[in-house]
Amino acid sequence: MPPTDASKPVLEARKVSKRFTLHGPGQYGKEVHALEPVTLALHPGRITALVGESGSGKSTLARLLALAHPPTSGEIRLDGERIAAARTARGKRAYYRQVQMVFQDPFSSLSPVHRVRHILGRPLQLHGGAQDKAARERQTVELLERVNLTPADQFIDKFPHELSGGQRQRVAIARALAARPRVLLGDEPVSMLDVSIRLDILNLLGSLRDDGLAILYITHDIAGARYFADEIKVLYAGQLVESGPGEELVRDPRHPYTRLLVESAPDPDRIAPPPDPDGDDAPPGEPPSLVDPPGGCRFHPRCPLAVPQCATTFPPRTHLSAKRWVHCWSHDAGVPQIPQADPVPHTDCPVPHTDRPVPHKDKDNSP
Amino acid sequence: MSHVPERYEDELLSEEPLSDELLSDELLSGELLSVEGLSVDYFDRAEPVHAVRDVRLGVRRGETLGVVGESGCGKSTLVTALTRLERPPAVITAGSALYRPREGEPVDLLRADERQLSALRWRHLAIVFQSAMNALNPVHRLGAQFVDVLRAQRGLSKKEAQERAGELLGLVGIPADRLRAYPHELSGGMRQRATIALALACEPELVVMDEPTTAVDVVMQRQILKQIGKLQAEFGFSVVFVTHDLSLLIEIADRIAVMYAGRVVEVGPARQLYENPAHPYTAALRNAFPPLRGPRRPLTGIPGSPPGLRHPPAGCAFHPRCASRFAPCDTEEPELLPAGAGEAACHLPTHADAPRTEEAPDATD
Ligand SMILES: Nc1ncnc2c1ncn2[C@@H]1O[C@H](COP(=O)(O)OP(=O)(O)OP(=O)(O)O)[C@@H](O)[C@H]1O
Ligand SMILES: Nc1ncnc2c1ncn2[C@@H]1O[C@H](COP(=O)(O)OP(=O)(O)OP(=O)(O)O)[C@@H](O)[C@H]1O
Ligand code: SF4
Ligand SMILES: [Mg+2]
Ligand SMILES: [Mg+2]
């Protein structure tokens, strides 16, 4: 594994955008503006959460980072080196030795006809340099132990359908780790799992982060993102609108869309009904069409704070602090605090949890 | 803590003590639906799946009752049996479900015949499923589907039905001009809201919703929940809301029933379940949700996974995953007994051999 310098990003998207051309009758030549130029950097030992509603382009960004699609514009950089769309199998393999992806659905992402031994042994052989059988077996066991599937010999001969959802997702993560990547791209890795199992996987991602992995964690769950991610980035209709340390961003969201997201999240400690930005009767609108997206800030048709220039010009980035920025013309307009009750003291919490210090300066946020 | 349901407390204080019999009569008359001893098995192989086991549950008038539990614990089986939409190989093997309409005689839904049931559908019982596509007919315009139901069930004229359809869609935030749309022309969130409006078209007394918002994202979910709340305030129906999201239920439900391995293991006021859960599973479930605010305490999942229901574990089905288990847990099945203002099926508060602590039970130490 190449040396990791926590202050330098491992993987970067620089102004990457993506348009999909539609085919089909009546749509010929139309384009989906799925992602506007987005810049994002993943650092060793850091979990970056990407949140946003359905269709906002989260998976598209992850796929661009995984080289599954070529970007329409912009570039992907690994260790500062531009990746010339790795078209050859060899180029891709070299890339996937560094960058691995975990998908939402552990049911369909694992081949049903192979045992765990094969599912993990194969990438070990391809990427891990485990050529002989004994080495492969040993490394397979290590992987299973790393994702807490222990004792390993109880799992190694199982087929995916013989495992629970959480166990399957661990196998999927173990498979991603087989290449000993430096970057893990998780596209909603826990959304399909039961809460009781989710935490295990998230704690596992946390410990991989502590071991120096750079992790992109895509999720709908902003409460979970606050918990497990070092920073949260908010994507709305293909535009990154806000970024900052999770705690701060949830406590004091500055983009009206982030605020809507936070206010909509289930929160047992909330006492007042969530404020409705559009008054009592109007629902807060629908996500915009990406074939014919609204101009300027794409949130403006739904935005309670919109001013005329919102419809014409995408707002520039405003840095609120070293680690926080927002794209909103009205970012300093009245920010109502959400009323909340004191959180219920939980009885199981003998260990005070301190925020894990982020071991590096944040430098990635300039466009 | 008192063992008397909250809402009767002041009656008890202000008047002469009621006898147990009167109390339970009074309690039952507040219930729109009283389920007793309900069991449902799937006879798909020689050894059936015991998906719902001896469930007792009451739905009070006008309340929102949440039903929560992990995937496969029997939530959908329970509500499909209650609404008599169970399909083979599901078989209701025992129990009763007494439905007490505002007008007319009580009916045991589990013994009602097809004729009685079809008289109850729409005007008494309505159901919303997770997949809105199943409820809306893809080849008919939205408006036509509303009009059909309103004419057949409420005897409205075509014109009246059209007007009412527009109003109903308006209630869930869909402009009346979308009446002419086909279901596939609506967004997923709109379709789901249209399904809810359709379920409410005949002003039923009981609306059962099985994960109505699981497939939509949080902003849309909030929007739908708000509409449901508004409609409930207007029409006064009771809601049974099924989900796996306990943190959501604590916010929106009056009472919550927690299911584990086919049984109701705890039921009680939402706040109580959050602040003072009596069953270790409820506590563990609560502690598994990262809270949106407050200090970040370490979170633990629940070790192991939910049991298969062909051979549920003996004793308390939760015992293999329970950190509080003690001697009787793996052999004696705990009954649903009063706990605070609700009920819980756990040996901990009641069993003679239970370790006595003042601490709340917790499966996650
Ligand atoms: N191959 C494709 N062809 C055309 N449009 C596409 C394609 N892939 C994605 N899109 C569109 O691009 C937009 C962004 O989709 P994407 O899957 O990235 O969203 P997402 O944020 O991951 O949503 P979700 O939360 O539902 O997973 C959507 O409007 C989607 O319909
Ligand atoms: N048609 C069927 N044949 C056999 N077993 C079934 C059938 N349908 C459901 N089951 C089993 O019955 C149990 C209860 O299923 P049910 O669908 O009621 O769970 P649920 O709590 O609604 O889960 P989810 O949260 O995943 O919707 C599960 O163990 C399931 O595997
Ligand atoms: S203490 Fe016993 S009865 Fe209570 S939940 Fe745990 S195992 Fe079940
Ligand atoms: Mg996606
Ligand atoms: Mg279900």
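Under a 5 Å amide H cut-off, with hydrogens placed 1.01 Å from N, A:Cys328 pairs with A:Thr318 among residues at least 5 apart or on other chains. This model, with +1 at the C-beta of Lys and Arg and -1 at the C-beta of Asp and Glu, gives the stretch B:32-129 a dipole about its Cα centre of some 360 debye.
Only one residue of A:Leu305, A:Gly29, A:Asn148 has its Cα farthest out toward the positive end of the dipole of the protein assembly as shown, where Lys and Arg carry +1 and Asp and Glu -1 on Cβ, and that residue is A:Gly29. With θ taken as phi - 60° and the Karplus curve 6.51 cos²θ - 1.76 cosθ + 1.60 applied, the whole-hertz 3J(HN,Hα) list for the stretch B:344-353 is 9, 10, 8, 5, 3, x, 10, 6, 4, 8 Hz, x standing for glycine and proline.
Under 5 Å between amide hydrogens, built in the peptide plane, is the criterion, and for A:Leu35 it picks out A:Lys18 among residues at least 5 positions away or on other chains.
Close amide H contacts of B:Ser324 (hydrogens built in the peptide plane, cut-off under 5 Å, sequence separation of 5 or more or a different chain): none are found.
Restricting attention to the stretch B:135-228, which GluC sites (Glu not before Pro) occupy a DSSP loop and are surrounded by at most 13 other Cβ atoms within 10 Å? Qualifying residues, ordered by number: none. Using the Karplus relation 6.51 cos²θ - 1.76 cosθ + 1.60 with θ = phi - 60°, the per-residue 3J(HN,Hα) values for the stretch A:288-295 come to x, 5, 9, 7, 10, x, x, x Hz, with x marking Gly and Pro. Taking the protein heavy atoms of the protein assembly as shown in the context of the full set of protein chains, the accessible area attributed to carbon and sulfur is 52 percent at 1.4 Å. A convex hull fitted to the Cα coordinates of the protein assembly as shown yields 187 cubic angstrom per residue. Report the Stokes-Einstein translational diffusion coefficient (µm² s⁻¹, integer) for the stretch A:4-149, Rh taken as the Kirkwood radius over Cα pairs, at 4 °C with viscosity 1.567 mPa s. Stokes-Einstein gives a translational diffusion coefficient of 73 µm²/s. Counting only DSSP H runs of at least 4 residues, each contributing -39500 (n - 2.57), and dividing by the residue count of the protein assembly as shown, the helix-based mean residue ellipticity at 222 nm comes to -8500 deg cm²/dmol. Peptides B:51-64, B:104-117, B:305-318, A:186-199 ranked from most to least packed give A:186-199, B:51-64, B:305-318, B:104-117, packing being the mean of other C-beta atoms within 10 angstrom over each peptide's residues. Only beta bridges with both residues in the protein assembly as shown are counted; by DSSP, about 60 percent of them are antiparallel. With K and R counted +1 and D and E -1, the other residues having a Cβ less than 12 Å from that of B:Gln153 yield a net charge of +3. When the Cα positions of B:Pro349, B:Phe318, B:Pro334 are compared along the charge dipole of chain B, B:Phe318 comes out farthest toward the positive end, with charges on each C-beta of Lys, Arg, Asp and Glu.
The string of couplings for the stretch B:223-236 from the Karplus curve (6.51, -1.76, 1.60, θ = phi - 60°) is 4, 5, 4, 5, 5, 4, x, 5, 5, 5, 5, 6, 9, x Hz, one whole number per residue in order, with x for Gly and Pro.
Using the alpha-carbon atoms, what tilt in degrees (0 to 90, nearest 10) does helix B:20-29 show relative to the longest principal axis of chain B? For B:20-29 against chain B, the angle is about 30 degrees.
Mean projection of the Cα convex hull over all viewing directions, computed for the stretch B:52-181: 10.0 nm².
Per-residue shielding of B:299-309, expressed as the average number of other chain Cβ atoms within 10 Å of the residue Cβ, stands at 5.
The values are calculated or read from the model by the stated rules, or taken from the named source; none is laboratory data. Because the structure is a prediction, the values reported are computed rather than measured. With ideal geometry, Cβ positions are generated from the backbone for all residues, glycine too; neighbour counts draw on all protein chains shown. Ligands, DNA and RNA are stripped out before the accessible areas are found, and what is left, the full protein with its side chains, is counted by its heavy atoms. Shrake-Rupley method; radii C 1.70, N 1.55, O 1.52, S 1.80 Å.
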